[in-house]
1. Excluding residues on the same chain fewer than 8 positions from K54, give the lysines whose Cα lies under 17 Å from its Cα.
2. Taking the Cβ of G137 as the center, what net charge do the other residues with Cβ under 11 Å away carry, scoring Lys and Arg +1 and Asp and Glu -1?
3. Beta carbons within 10 angstrom, averaged per residue: use that to sort the peptides 176-189, 221-234, highest first.
4. Using a Cα-Cα cut-off of under 19 Å, which lysines could be cross-linked to K216, ignoring same-chain neighbours fewer than 8 residues away?
5. Which order do peptides 199-212, 112-125 fall in by mean Cβ count within 10 Å, highest first?
6. What dipole magnitude, in Debye to the nearest 20, does segment 89-234 give about its Cα centre under +1 on Lys/Arg Cβ and -1 on Asp/Glu Cβ?
7. Work through the residues other than R151 whose Cβ is under 12 Å from its Cβ and net out their charges, Lys, Arg +1 and Asp, Glu -1.
8. Can you give the percent of C-alpha pairs in segment 3-288 whose distance is more than 22 Å?
Amino acid sequence: MLLTELFGQRKFVITGEVGPPKGIQINDLLHSADKHLRCVDAINVTDCQASMMKLGSLATCKALLDHGHTPVFQLVCRDRNRIALQSDLLSAAFFGINNVLLLTGDHTTLGDAPESKPVYDLDSVSLIQAAAALEKGFDLNGNKLEGELPRFAKGAVVSPCSDNVDVQLFKMLAKVNAGADFFQTQTVYEPEKFIDFMEIASGFGVPVMLGMVILKSANMARFMNKNIAGVSIPQGIIDELDNDKDKARSGVTGVNIATRVINECQEFCQGLHIMPMGWDDKVAEVLTGLKNKRNS
């Protein structure tokens with residue numbers, strides 16, 4: 001099912017996320033998804049996240065689809081030119097994978113093959129435009145498609161807690177104008193900033209899903225503050241993770257933090273995107289703690 005249909009039903013949409021392995025052994029990923037992620041509406045599959053070479057997002061999406069999950073195909077501009085990007089979108093639609101998240105992608109210098117040449121023939125805005133053009137029966141050069149046309153729920157990303165919110169709002173509006181159907185945010189730990197952001201962003205008329213990474217340790221939080229753009233984790237949360245390391249390691253603290261922040265933000269967004277970072281078994285715990293239970 002298209003996520004846009006769920007939003008249209010005014011459902012609070014919940015998605016999870018998995019990262020493909022560095023290899024072709026996917027049984028563990030599928031087992032974890034089958035066991036722990038049946039509680040979400042769809043599962044995002046990262047596309048060589050952090051510029052690390054992994055099994056492809058499209059292949060992993062197809063495997064999840066075959067296991068009865070609804071996948072979200074993440075597609076980044078870093079590794080492909082416009083021919084390959086449009087071809088991959090058509091390939092996804094051919095397989096019945098119609099939910100897509102379209103991103104620019106981290107630079108290759110951040111990954112495990114820093115000498116790799118980045119492509120960036122398109123950026124996230126023009127990639128959204130390409131997907132929208134395919135839906136209308138044309139490629140980016142105006143060449144006509146043959147036969148049945150693809151249909152996508154086109155997702156994009158935004159960072160509400162960025163140091164420069166005005167730039168984020170400008171980019172978000174550009175993506176809306178390009179055809180974005182919904183947004184996922186970068187992970188949020190400052191509800192006040194998110195609520196202030198949504199006071200403006202809600203005027204764009206496009207559903208926004210709150211992003212949430214389940215924190216595993218204070219060191220993880222410090223690393224994210226230092227290295228991940230658009231992430232701001234308050235010192236109070238870092239202290240909370242530091243104060244009881246056993247609870248942090250077991251996931252109790254991370255789940256409590258996630259649930260608390262989501263509960264403060266839930267009425268200001270239309271969905272939730274949980275990034276468990278390997279803690280798939282904690283997703284249901286987070287959802288159980290929500291004060292406003294999801295629509296059935």
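1. K22, K62, K117
2. In short, -2.
3. Ranking, from highest mean packing down: 176-189, 221-234.
4. Partners found: K226, K245, K247, K282.
5. So the peptides 199-212, 112-125, ranked by packing, come out 199-212, 112-125.
6. 160 debye
7. My count for the surroundings of R151 gives -2.
8. Of the Cα pairs, 58 percent sit more than 22 Å apart.
Since every read-out is calculated from the coordinates, none of them should be taken as a lab result. Just so it is clear, the model here is predicted, and its values are computed rather than measured. Neighbour counts are summed over all protein chains in view; Cβ atoms, including those assigned to glycine, are modelled from backbone coordinates with ideal geometry.
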